1. Using a simple spin-label model with points 7 Å from Cα along the Cα→Cβ vector, what separation in nm is obtained for Phe159 and Phe30?
2. List the residues, sorted by chain then number, that are 5 or more residues from Ser91 or on another chain and whose placed amide H is less than 5 Å from its amide H.
3. Using 0.36 nm per residue of separation minus the Cα-Cα distance, give me the extension gain between Ala113 and Leu70 in nm, one decimal.
4. Kindly provide log₁₀ I(q)/I(0) values, in the same order as q = 0.10, 0.14, 0.20 Å⁻¹, from the Debye equation applied to equal alpha-carbon scatterers of the stretch 28-173.
5. Once the Cβ-Cβ distance between Glu144 and Thr93 is put in as r, and R0 is 22 Å, what FRET efficiency do you end up with, to the nearest 0.05?
6. I'd like the Karplus ³J(HN,Hα) series for the stretch 39-48: coefficients 6.51, -1.76, 1.60, θ = phi - 60°, whole numbers in Hz, and an x wherever there's a Gly or Pro.
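Computed from the coordinates by the stated procedures, all read-outs in this text should not be read as laboratory data. What you see is a predicted model; the values in this text were computed from it and never measured. Note that we place each Cβ from the backbone using ideal geometry, even for glycine, and neighbour counts take in every protein chain shown.
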Amino acid sequence: MKSTKTILAILIVIMSIGSSIALSQGEQPFIISVQGGLFFPAQAQYKDVYQVSSDLVYGFGIGLPVSRTLIVTGDMSWFKSEAILGGVTDSTTKIQEKFIHVGLLNKQPVNGAIFLRLSGGLNYITIKQAISGPQSPENGKESEKKLGYYAGIGVENLFEGGRVAMFADAVYDYSRWHDTDFNGDFGGVRAVLGLNFILF
């Protein structure tokens, strides 16, 4: 809980500083984004247990321009997979991950309204795993919160009018656990499509 409050406090401070700079320079003071796509977990046993390589990930975020090309960003996203356990009648296992990103986005113009997107910063990941059966209640466990990092690359197209943009990103999340219940890399790669709504 203490670490969560610390992360939120840092996010608020970063956003406040970015907002002050943006307003003083006459830039757009606020951007809201929504996104969705596929997440490919780095967990070694994921494909064997869930019989797939990826599942849906979705989220939302905010951005505060510091300059015409640099934006302070924060976003939250969720991922969930569920599978029937082999050899165990009507028993299921599921994993849920929540990601919080705080970082910077650099947008470089390529051609007209097309931009190259380069992003990076800190991530904060929470993991929940659970097993349930027809004759037993759900038995779950939750990881400690972990700090890691992320980096991404993508493209963005600003629509006519300058208020809405569509983007496509490939983002790598890294965060490693070293304990009995959760051990290894629980990050991964996501491929997402999203929309930015530029508010004034």
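1. 2.0 nm
2. Amide H to amide H, under 5 Å and 5 or more residues apart or across chains, Ser91 pairs with Leu85.
3. Result for the pair: 13.9 nm of gain on full extension.
4. With no solvent term, the Cα-only Debye profile gives -0.44, -0.74, -1.21.
5. Working: r = 20 Å, r/R0 = 0.93.
Efficiency, rounded to the nearest 0.05: 0.60.
6. 10, 10, x, 8, 4, 4, 8, 4, 5, 5
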